[in-house]
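Trainee: Can you read through this structure? Questions will come right after.
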Amino acid sequence: MADPLSGELIVSSAPHVRGRDNIRHMMYDVAISLAPAGIAAVYFFGLRSLLILLITVASALGAEALMQRAIGRRVTIADGSALVTAILLAYNLPPTVPLWLPFIGALIAIGLGKMVYGGLGYNPFNPVLVSRTILLAAWPMLMTRWILPFDAVATATPLAVMKMGGNLQAAKELLHVESNLSLYRQMFFGNRGGCLGETSILAISIGGAYLMYKRVITWHIPITYLSTVAITALLLGRDPLFHLLAGGLILGAFYMATCPVTTPVTPRGRIYFGLGAGLLTMLIRAFGSLPEGVMYSILLMNATTPLLDRYTRPRIYGRRAR
Amino acid sequence: MRNKTFPQGIHLRYHKQATAGKPTVIAKAPAVAVVPLIQHVGAPCIPQINVGDHVFMGQKIGDAEALITAPVHSPVSGKVIALEARFHVMRRDVLSVVIENDGEDELYPDITPHPDWERLDPDTLRKIIREGGIVGMGGAAFPTHIKLAPQSDKSIDTVIINGAECEDYLTADHRLMVEHPEWVIGGALIISHILGNLKILVGIEANKPDALTAIRQAAGVGGNISVIALDTKYPQGGEKEMIKVLLDREVPSGGLPSEAGVVVNNVATAAKIFELITTGMPLISRGVTISGPGVNAPGNLIARIGTSIEELISECGGYKGKIAKVIIGGPMTGISLFTTLVTLTKSIGGVVLMRHEDISHEDPVVCIRCARCVDACPVYLMPIALYHYSRSLNYDQAVEAYGLFDCIECGCCSYVCPGRLPLVESIKHAKAEVNNKRQKQRGR
């Protein structure tokens, strides 16, 4: 009997089926989850936010395509990773930056943050934060020119007020509110000075919840990061709620500290990562010379990722704990 | 109350609805049966017949002296027309007995039922099971009589009957539990009797409520049988996971279930033991699901060992569309073949046919360190680390620090990987490389 199928069948090792999610789906899920924060940015800081976002997106995608072509690799800008980098970079810039700055920032993020290491999956540090660090060092004035939402009046951030020896009272005066509750409320909705995408805790949390629901991120890092900040603030005699809502903590905890490439793969490693980032953030906020510590704490913890992975290997089934 | 389950693992798409409700049909006996002399883990059988001999249905046609082996029997009555190497599902040629079926189903006269099995001693029962050619029918094909004779220094306290059937498409065990629950329970009682009247746990996934009801009814109340509903999750049918979920015990790394005080048998194996003991009929047929989007009329069959897979597919309405993959077993762990001209062996519980549009054609991209493989691994390995060590040929590190040989090859890591990396594939490759190296060293 002749074999009716011979020569047409694929032979490969199991498994013969794959899950639905691929990198592209995950990246676009992250991009979608960032929409509420983008809407909040436009609402609070005007259409200029959208312009900054468009510049980072166009420059990042263009830069990645050009660099990949230059080194003779397949152009993979459709995988969504450069898009996510671009959106997060825009969200990490003050609304007042001159329009050439997001362009430079995107070049740095893609070039120095990612491509020099070999592209997606190989960068040890978060590309967005690498770029932001360099921008902050190169143009410190441009990177700290804050405005109040709606009327575009120059302002300080609540954290900066605190750094200059202020207390909650000073923060309340800054935001023109009477009670602690209205201060928290205003910070929660995002009506304050800050980077484009970091001010609305509500919008970012919606995105973060979506990512957890879609299992793109796990609870480990955000939850341990945020609770460590709250507990450390308490221990240092500071207002934990204020510190949770202030600065870029929530954006950092849900998006930068969960960047899969630069954070541990083991569950325990992720927990230590969150602990370390939380501790460093509060130490910088309380004792450092900078008002905000999210960026440096995440970058420092990125450096510990290979070690954390190595020393937090899970206990293998049927073996004793190491 | 929430059902029990094991930590980690994954949820599949299951696709069982095509056959879960379909009663088992007895497949036509093959006109020519091709019976491989290796259908088990252990020593190959030596033929006990010659070309030209007449054989009865149920007659032993191959056996070996070795401790770990299992005899094979003729699935039909007829004439031995050839004794030659034939392509086997293990993807190599295996000496096989080719028998022309005379259509009489003439039973081997020496076959004796043992309805009084409760009065037989364990050794006699083990011997009957050995002579009946019983092997693990859940896929492992390990000789059952060896499993039922655990070494004396290990105290066994529990018999587990595995009714998880957690792979996509497969429903033969499900139908067996619904249609013949008394065989499963009967087999479980025989196993327990052999091991010294131990408590019996039957684990069944909750996506088979009718099987749970039937088995519970057959088990009756009181007695020492507990039927436990498990949350549907893959790979719950893996021995190590089954032991973890039912007893919260772990099999020591590199060890056997008996070292955790357990003997695990599949429901199909239990039912076959019951059939053998009560009717005398050795293992010459089994339940098999023929399913997948590439089959016209997916179904559950009872088929004779030695029937060609091609005939079983015809029995289920033949091919639908252009077939891209023929999978022996389930899609997560099964073997894909380039032909359907192989015969059914004792450990094949299903054949799944996939068309081009049903399989993933995505190329591997890159690891983004998302950790999904780490979070999915049911034995808590770091598949991505094993992948990197395997690719960099750093096998020592893979074996010692990352538990290469603890991998159960369930495929969860590759399934969830969004970068589409061949994770479990690289692990299997590394294991083979290490084994080769060790063998060479021993040879020197």
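Trainee: Would you be so kind as to identify which of B:Ser426, B:Cys413, B:Leu381 lies farthest towards the positive end of the dipole of the stretch B:372-442, taking Lys and Arg as +1 and Asp and Glu as -1 on Cβ and the Cα centre as origin?
Mentor: Of the options given, the answer is B:Ser426.
Trainee: In chain B, with Lys and Arg counted as +1 and Asp and Glu as -1 at Cβ, which of these residues, B:Ile323, B:Ala85, B:Val34, has the Cα nearest the positive end of the dipole, that is, farthest along it?
Mentor: Looking along the dipole axis, the top candidate is B:Ile323.
Trainee: I'd like the distance between the alpha-carbon centres of the stretch B:344-389 and the stretch B:22-43, rounded to an integer number of Å.
Mentor: 29
Trainee: Still on this structure: Cut-off 14 Å, label point 7 angstrom out along Cα-to-Cβ of B:Glu106: give me the residues of the stretch B:51-92 whose amide nitrogen falls inside.
Mentor: B:52-59, B:76-80, by backbone N distance to the label point.
Trainee: 7 Å from Cα along Cα→Cβ at both B:Ala206 and A:Arg215: what's the point-to-point distance in nm?
Mentor: For B:Ala206 paired with A:Arg215, the spin-label model returns 1.6 nm.
Trainee: With +1 on each Lys and Arg Cβ and -1 on each Asp and Glu Cβ, how big is the dipole of the protein assembly as shown about its Cα centre, in debye rounded to the nearest 20?
Mentor: Its charge dipole is roughly 2640 debye.
Trainee: OK, next. What distance in nm separates the two pseudo spin-label positions at B:Asn296 and A:Tyr28, each 7 Å out from Cα along the beta-carbon direction?
Mentor: Going from the B:Asn296 label point to the A:Tyr28 one covers 3.8 nm.
Trainee: Could you state the number of Å between the C-alpha centres of the stretch B:74-131 and the stretch B:259-325?
Mentor: 16
Trainee: Further, regarding this structure: Can you bin chain B into rounded, prolate or oblate? Criterion: square roots of the alpha carbon gyration tensor eigenvalues sorted a ≥ b ≥ c, rounded for a/c under 1.5, prolate for a/b above b/c, oblate for the rest.
Mentor: In terms of gyration-tensor shape, rounded.
Trainee: What angle do you read, to the nearest 10 degrees and between 0 and 90, between the alpha-carbon axis of helix A:127-138 and the longest principal axis of chain A?
Mentor: Helix A:127-138 and the main axis of chain A meet at about 40 degrees.
Trainee: What are the lysines whose alpha-carbon lies under 16 Å from the alpha-carbon of B:Lys431, with same-chain residues fewer than 8 places away excluded?
Mentor: Hits, sequence-local ones excluded: B:Lys440.
Trainee: Right, another one. In the stretch B:199-224, whose amide N lies under 12 Å from the spot 7 Å out along Cα-to-Cβ of B:Asn3? List them in ranges.
Mentor: Flagged as within label range: B:203-213.
Trainee: Taking the dipole about the Cα centre of the stretch B:117-279, with the C-beta of Lys and Arg at +1 and of Asp and Glu at -1, give me whichever of B:Leu125, B:Thr171, B:Pro252 is farthest to the positive side.
Mentor: Of the listed residues, the answer is B:Leu125.
Trainee: By the 4.7 Å beta carbon criterion, which cysteine residues of chain B come out unpaired?
Mentor: Result for chain B is B:Cys45, B:Cys166, B:Cys316, B:Cys367, B:Cys370, B:Cys377, B:Cys407, B:Cys410, B:Cys412, B:Cys417, no neighbouring Cys Cβ within the cutoff.
Trainee: Report the percentage of all Cα-Cα pairs in the stretch B:124-189 whose separation exceeds 14 Å, rounded to a whole percent.
Mentor: Summing the P(r) tail past 14 Å for the stretch B:124-189 gives 68 percent.
Trainee: Compute the length gained on full extension between A:Tyr117 and A:Ala35: take 0.36 nm times their separation in residues and subtract their Cα-Cα distance, giving the result in nm to one decimal.
Mentor: Here the segment from A:Tyr117 to A:Ala35 would lengthen by 26.6 nm.
Trainee: What is the extension gain from B:Gln151 to B:Arg92, computed as 0.36 nm multiplied by their sequence separation minus the C-alpha to C-alpha distance, in nm to one decimal?
Mentor: 17.9 nm
Trainee: If you don't mind, there's one more thing I want to ask. Taking every pair of alpha-carbon atoms in the stretch B:117-279, give the share separated by more than 23 Å as a whole percent.
Mentor: Taking all Cα-Cα pairs of the stretch B:117-279, the fraction more than 23 Å apart is 31 percent.
Trainee: Over chain A, what relative contact order in percent results from Cα pairs under 8 Å that are six or more residues apart?
Mentor: Relative contact order, chain A: 17 percent.
Trainee: Assigning unit charges at the beta carbon (Lys, Arg +1; Asp, Glu -1) and nothing else, what dipole magnitude in debye, to the nearest 20, does chain B show about its Cα centre?
Mentor: My answer is approximately 1100 debye.
Trainee: May I ask you to order B:155-165, B:99-109, B:408-418, A:57-67 by the average number of other C-beta atoms within 10 Å around their residues, highest value first?
Mentor: Taking the mean over residues of other Cβ atoms within 10 Å, the ranking is B:408-418, B:155-165, A:57-67, B:99-109.
Trainee: Relative contact order for the stretch A:177-236: what percent, with Cα pairs under 8 Å and sequence separation of 6 or more?
Mentor: 16
Trainee: A:Leu50 to B:His388: FRET efficiency via 1/(1 + (r/R0)^6), r the Cβ-Cβ distance, R0 56 Å, to the nearest 0.05?
Mentor: For R0 = 56 Å, the calculated efficiency reads 0.85.
Trainee: Now for a separate question. Rounded, prolate or oblate: which fits the stretch B:288-345 when a ≥ b ≥ c are the square roots of the eigenvalues of the alpha-carbon gyration tensor, with rounded for a/c under 1.5 and prolate only if a/b beats b/c?
Mentor: Judged from the Cα gyration tensor, the stretch B:288-345 comes out rounded (a/c under 1.5).
Trainee: So if I take the centroid of the Cα atoms in the stretch A:209-257 and the same for the stretch B:214-249, what is the distance between those two points in Å?
Mentor: Result: 41 Å between the Cα centres.
Trainee: Next up: Report D for the protein assembly as shown in µm² per second (integer): Stokes-Einstein, Kirkwood Rh on Cα pairs, 20 °C, 1.002 mPa s.
Mentor: In µm²/s, the coefficient is 73.
Trainee: How much mean residue ellipticity at 222 nm does chain B get from its helices, if each DSSP H run of length 4 or more adds -39500 (n - 2.57) and you divide by all residues, to the nearest 500 deg cm²/dmol?
Mentor: It lands at -8000 deg cm²/dmol.
Trainee: Taking only DSSP H segments of four or more residues, each worth -39500 (n - 2.57), what value at 222 nm results for chain A once the sum is divided by all its residues, to the nearest 500 deg cm²/dmol?
Mentor: The helix contribution divided over chain A gives -17500 deg cm²/dmol.
Trainee: State the Kirkwood hydrodynamic radius of the stretch B:33-98 in Å, one decimal place, computed from all pairs of distinct Cα atoms.
Mentor: 11.8
Trainee: With r defined as the distance between the Cβ atoms of A:Ala138 and A:Leu283 and R0 fixed at 41 Å, what FRET efficiency is calculated, to the nearest 0.05?
Mentor: With R0 = 41 Å, the Cβ-Cβ based efficiency is 0.95.
Trainee: Among the listed pairs B:Lys154/B:Lys199; B:Lys147/B:Lys437; B:Lys233/B:Lys428; B:Lys147/B:Lys240; B:Lys244/B:Lys346, which are separated by more than 25 Å between their Cα atoms?
Mentor: Result: B:Lys147/B:Lys437; B:Lys244/B:Lys346 exceed 25 Å.
Trainee: Quick one: length gained pulling B:Thr124 to B:Lys79 fully straight, 0.36 nm per residue minus the C-alpha distance?
Mentor: 13.1 nm
Trainee: Just round it to a whole percent: the fraction of Cα-Cα distances in the stretch A:23-142 exceeding 24 Å.
Mentor: Here the tail beyond 24 Å accounts for 22 percent of pairs.
Trainee: With N residues in chain A, what two-decimal value do you get for its Cα radius of gyration over 2.2 N^0.38 Å?
Mentor: 1.09
Trainee: Could you give the semi-axes, largest first, of the ellipsoid that matches the stretch B:398-444, computed as the square roots of 5 times the alpha carbon gyration tensor eigenvalues and rounded to whole Å?
Mentor: 25, 10, 8
Trainee: Further question: Charges only on Cβ, +1 for Lys and Arg, -1 for Asp and Glu: so what's the dipole of the stretch A:217-311 about the Cα centre, in debye to the nearest 20?
Mentor: Value, rounded to 20: 160 debye.
Trainee: Could you sort A:Tyr296, B:Tyr234 by their accessible area in this structure, using a 1.4 Å probe and putting the largest first?
Mentor: A:Tyr296, B:Tyr234
Trainee: To continue, here is another question. Could you run the numbers on buried accessible area between B and A, total for both chains, 1.4 angstrom probe, in Å² to the nearest 100?
Mentor: Adding both sides of the contact gives about 5000 Å².
Trainee: Next question. Got a sec? Which residues in the stretch A:299-313 would a label at B:Glu400 touch, if it sits 7 Å along Cα→Cβ and we count backbone N under 18 Å?
Mentor: Answer for the stretch A:299-313: A:310-313.
Trainee: Roughly how crowded by other chains is peptide A:262-272, in terms of the mean Cβ count from those chains within 10 Å of each of its Cβ atoms?
Mentor: Mean number of neighbouring Cβ atoms from other chains: 3.
Trainee: When the C-alpha atoms of the stretch A:217-311 are aligned to their principal axes, what extent does each axis show, in angstrom, from largest down?
Mentor: If we take the Cα atoms of the stretch A:217-311, the spans are 35, 24, 21 Å.
Trainee: Return the FRET efficiency for the residue pair B:Lys199, B:Ala66: r is the Cβ-Cβ distance, R0 is 35 Å, and the value is rounded to the nearest 0.05.
Mentor: Between B:Lys199 and B:Ala66 the formula returns 0.60.
The values are calculated or read from the model by the stated rules, or taken from the named source; none is laboratory data. Predicted, not measured: the structure shown is a model, and the values here were computed from it. Note that we place each Cβ from the backbone using ideal geometry, even for glycine, and neighbour counts take in every protein chain shown. To get the accessible areas, we keep the full protein, side chains included, count just its heavy atoms, and leave off ligands, DNA and RNA. Shrake-Rupley method; radii C 1.70, N 1.55, O 1.52, S 1.80 Å.
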